[in-house]
Each structure stands twice: as structure tokens, then as C-alpha cells.
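What follows is a single structure, written as C-alpha cells, with notes after it.
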Amino acid sequence: QVQLVESGGGLVQAGGSLRLSCAASGSTFRINYMGWYRQAPGKQRDFVALISSGGMTNYVDSVKGRFTISRDNAKNIVYLQLNSLKPEDTAVYYCYGVVGATMYWGQGTQVTVSE
């Protein structure tokens, strides 16, 4: 079992920055990939970014060059640095971790970007 707890969301003006954190506990040594999805009101949950245990990263095109995912394996924390935020980035951001074929999810953290 893996437990994930996100933090760092909030309200920010367009062009601003936030850093999200996701702390993992439990069987963290079994986690292969960790990353983030987001879900805007009335929309499906969409992929944002991932990072492998070896540091390989991938991003959805809409956030490339603005968001950066990183991972502290010693502390079992994944970060998502959000820069140059836009109103369309407003969503609940969910951290996830993959162990084998199982995805674990955090409870989500709200990011709101005002005009």
C-alpha cells in the first residue's frame, strides 16, 4: 500500500507561481512512476506530468516550459513547480504513484489562477 498527500495549492494571479508537493508513505520502495493529473470543473482528469524512479520526465504539451516535475527519492516527495500560470491551469491537482499495475492517488489540492 502507498499513501500520497499533496500540499501547496492555492490562489495566484495569472503569471504567478506555485509549488506543489506530494509526500509518499508506505511501500514507497515499490513505486516506479509518480506524477500529477489535474481536473478542472466539469472536465475529465487529465495527465500533466510524470517522473520515473530514474528521473525520466514527461509532460503534457500545454505545460511544457512552464511546469517542472522533480523527485526527492530520499524523502519520497515529488514536486511540481508551476510557473507562468494561466487561468486555464485552474484545477484540482492530483498526485499519483504507480506500483506494478496499480495507481495510487492523493486527495488532491486546488490551484486557482485569477485573471
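The values are calculated or read from the model by the stated rules, or taken from the named source; none is laboratory data. As the structure is a prediction and not an experimental result, all values here were calculated from the model. Using ideal geometry, Cβ is built from the backbone for each residue, glycine included, and neighbour counts are taken over all protein chains shown. These area figures cover heavy atoms from the full protein model, side chains too; ligands, DNA and RNA do not enter into them. Shrake-Rupley method; radii C 1.70, N 1.55, O 1.52, S 1.80 Å.
Here are the numbers for this structure:
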quantity: The stretch 72-94 - residue that is open to solvent by 30 Å² or more (accessible area, probe 1.4 Å) and among the small types (Gly, Ala, Ser) and, of those, farthest from residue 17 (Cα to Cα); calculated: 74
quantity: Flag for residue 24 being within 20 Å of residue 1 (Cα to Cα) and out of contact with any Pro (no Cβ under 9 Å at 6 or more places or on another chain); calculated: yes
quantity: Qualifying residue in the stretch 30-42 (condition: in contact with a strand residue (DSSP E or B) (Cβ under 8 Å, 6 or more places away or on another chain), open to solvent by 50 Å² or more (accessible area, probe 1.4 Å) and of a type in the set (A, V, I, L, M, F, W, C)); calculated: no
quantity: Residue in the stretch 28-39 that is modelled with pLDDT under 95 and within 14 Å of the chain's Cα centre (by Cα) present; calculated: yes
quantity: Residues of the stretch 53-92 classified as assigned to a loop (DSSP other than H, G, I, E, B), farther than 17 Å from residue 9 by Cα and not charged (D, E, K, R), total; calculated: 9
quantity: Residue in the stretch 43-56 that is free of Cβ contacts under 8 Å to residues at least 24 places away in the same chain and under 12 Å from residue 77 (Cα atoms) present; calculated: yes
quantity: Those residues of the stretch 95-111 which are hydroxyl-bearing (Ser, Thr, Tyr) and surrounded by fewer than 14 Cβ atoms within 10 Å (Cβ to Cβ), in sequence order; calculated: 102
